[in-house]
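Trainee: This is the structure I have questions about; it appears just below.
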Amino acid sequence: MSALGQLVYDTNAALRPDGAPAGVPGADGSAALNLLALVRPFGSSGPYARVEALLSKQFTLSQYDLLGAAAALGGRLSARTWSANAEYGYAYEALGGAGFLAVHHLLASGVVRTGPLVLGAAYALNFESYQPLELSDQSGIRHALELDVSWPVSRALRMTIGWLGGFDSARVDPLSYLENGPVAEIDVLLGSAVQLGVRGSMLWRNYRAEDPSYGYTRADTRYDVVGWAELALDAHWAVRGTVRMFRVDSNVPDLNATEWVFTGSLSWVGALL
């Protein structure tokens, strides 16, 4: 079982474009609670089941209040130098009290140790259905792929580089896109209780057809950088601070946007059985 409580401040909760009018929703804070239960009847290798619930309450922009639930069934096989995982899952989200997104997903991932390196791969197939009628054209099938190589430099330092790819086949071509780009992560362990990390990615996203709303075939560059520091209070409790910067640079200037998210969290993890 795990529980995660968060306090969040988001400078651009609606991801409004740069220079948007003052009346467009902007900065806001929120409080969130995430609960998760994982059942592994035969230990770390074998079948498993997972259920999760999420509640996020905005301080002022109630139209972005989020309520979500998810469940998954899967299996994991592991040996001394490798592991593999596959699962099916379903998730549903409500935004502002109304249905927003339903997703069926298939996931496959694996890790192989070879000498000093750890090779990883993960692929997800998401069948997405947006519930509001005005967003239904965004529904479709989204593919996501990550390939990476990790190097445990020492007991206290691990470095990872990789490549991300995605293909979103929406109902209409102007909303469908292909994206790919590099990702890198550094993890540092200070003593037995403090963990530091930073992860950054840059994705080039190219849409499949001209968007009649803008008169362009959109092409975006998306930057996403997250840094964190975590302190383990004991074997079950931990506190974490996170800073995230997300930036969109588009060939449609009206869509350029920047977002900073600051999060403080308290987590508990434990085995009940």
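The values are calculated or read from the model by the stated rules, or taken from the named source; none is laboratory data. In this text the structure is predicted, and so the values were computed from the model without any measurement. Methodologically, a virtual Cβ is constructed for each residue, glycine included, from the backbone with ideal geometry; neighbour enumeration extends over all protein chains shown. Protein only, heavy atoms only, side chains kept; ligands, DNA and RNA dropped before computing areas. Shrake-Rupley method; radii C 1.70, N 1.55, O 1.52, S 1.80 Å.
Trainee: Run down SER267, SER250 and say which single residue is of a type in the set (Ser, Thr, Tyr) and out of contact with any Phe, Trp or Tyr (no Cβ under 8 Å at 6 or more places or on another chain).
Mentor: Working: SER267 fails: out of contact with any Phe, Trp or Tyr (no Cβ under 8 Å at 6 or more places or on another chain).
Result: SER250 is the single residue among SER267, SER250 that is of a type in the set (Ser, Thr, Tyr) and out of contact with any Phe, Trp or Tyr (no Cβ under 8 Å at 6 or more places or on another chain).
Trainee: Let me ask something else. May I ask you to verify whether GLY181 is within 20 Å of GLY227 (Cα to Cα) and surrounded by 15 or more Cβ atoms within 10 Å (Cβ to Cβ)? Step through it out loud before you land on a result.
Mentor: Working: within 20 Å of GLY227 (Cα to Cα): yes; surrounded by 15 or more Cβ atoms within 10 Å (Cβ to Cβ): yes.
Yes; evaluated as a whole, the condition is true for this residue.
Trainee: Would you call ALA219 among the aliphatic types (A, V, I, L, M) and more than 30 Å from VAL118 (Cα to Cα)?
Mentor: On the way: among the aliphatic types (A, V, I, L, M): yes; more than 30 Å from VAL118 (Cα to Cα): yes.
It is true that ALA219 is among the aliphatic types (A, V, I, L, M) and more than 30 Å from VAL118 (Cα to Cα).
So that you can scan it fast, the table gives a plain yes or no per residue for (1) in contact (Cβ under 8 Å) with a residue 12 or more places away in the chain; (2) exposed (fewer than 15 other Cβ atoms within 10 Å of the Cβ); (3) in contact with a helix residue (DSSP H, G or I) (Cβ under 8 Å, 6 or more places away or on another chain); (4) closer than 24 Å to TRP204 by Cβ:
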{"position": "HIS104", "(1), (2), (3), (4)": "yes, yes, no, no"}
{"position": "GLY110", "(1), (2), (3), (4)": "yes, no, no, no"}
{"position": "GLN138", "(1), (2), (3), (4)": "yes, no, yes, yes"}
{"position": "ARG142", "(1), (2), (3), (4)": "yes, no, no, yes"}
{"position": "LEU147", "(1), (2), (3), (4)": "yes, no, no, yes"}
{"position": "PRO152", "(1), (2), (3), (4)": "yes, no, no, no"}
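Trainee: Report yes if some residue within the range 187-200 is assigned to a loop (DSSP other than H, G, I, E, B) and open to solvent by 40 Å² or more (accessible area, probe 1.4 Å); otherwise report no. Show your work before the answer.
Mentor: The initial filter retains those residues of the range 187-200 that are assigned to a loop (DSSP other than H, G, I, E, B), namely 191-193.
Pick out the ones that are also open to solvent by 40 Å² or more (accessible area, probe 1.4 Å) and you get 191-192.
Within the range 187-200 (the criterion being assigned to a loop (DSSP other than H, G, I, E, B) and open to solvent by 40 Å² or more (accessible area, probe 1.4 Å)), the answer is yes, since at least one residue qualifies.
Trainee: Give the number of residues within the range 112-134 that are open to solvent by 50 Å² or more (accessible area, probe 1.4 Å) and of a type in the set (D, E, K, R).
Mentor: 2
Trainee: Every residue in the range 71-94 that is closer than 22 Å to ASP10 by Cβ and open to solvent by less than 50 Å² (accessible area, probe 1.4 Å), please. Lay out the reasoning, then the answer.
Mentor: Narrowing the range 71-94 to residues closer than 22 Å to ASP10 by Cβ: 91, 93-94.
Residues satisfying the conditions are ALA91, ALA94.
Trainee: Keeping to the range 90-139, report how many residues are assigned to a loop (DSSP other than H, G, I, E, B) and either farther than 30 Å from THR160 by Cβ or in contact with a Leu (Cβ under 7 Å, 6 or more places away or on another chain) (or both). I'd like the intermediate steps shown before the answer.
Mentor: Quick first cut of the range 90-139, residues assigned to a loop (DSSP other than H, G, I, E, B) only: 96-97, 115-116, 131-132, 139.
Next, from what is left, pick out any that are either farther than 30 Å from THR160 by Cβ or in contact with a Leu (Cβ under 7 Å, 6 or more places away or on another chain) (or both): 96-97, 131-132, 139.
Total satisfying the criteria: 5.
Trainee: What pairs come out if I take residues in the range 231-246 that are surrounded by fewer than 16 Cβ atoms within 10 Å (Cβ to Cβ) and pair them with residues that are of a type in the set (Val, Ile, Thr) whose C-beta lies under 7 Å away, six or more apart or interchain?
Mentor: Filtered contacts from the range 231-246: LEU231/VAL194; LEU231/VAL239; LEU233/VAL239; HIS236/VAL269; MET245/VAL225.
Trainee: Turning to a different aspect of this structure: Would you pick out the residues in the range 32-44 that are part of a loop (DSSP other than H, G, I, E, B) and either surrounded by 14 or more Cβ atoms within 10 Å (Cβ to Cβ) or among the charged types (D, E, K, R) (or both)?
Mentor: First, pick out the residues of the range 32-44 that are part of a loop (DSSP other than H, G, I, E, B): 40-44.
Once the filter is applied, which keeps residues that are part of a loop (DSSP other than H, G, I, E, B) and either surrounded by 14 or more Cβ atoms within 10 Å (Cβ to Cβ) or among the charged types (D, E, K, R) (or both), the range 32-44 yields only ARG40.
Trainee: Among the candidates ARG16, ARG50, ARG40, which residue alone is at pLDDT below 90 and basic (Lys, Arg)? Spell out the reasoning first.
Mentor: Values: ARG50 fails: at pLDDT below 90; ARG40 fails: at pLDDT below 90.
Only one candidate qualifies: ARG16.
Trainee: Also, quick follow-up: Among residues belonging to the range 232-247 that are closer than 14 Å to LEU4 by Cα and in a strand (DSSP E or B), point out the one that is nearest to the chain's Cα centre (by Cα).
Mentor: Across the range 232-247, the extreme among qualifying residues is THR242.
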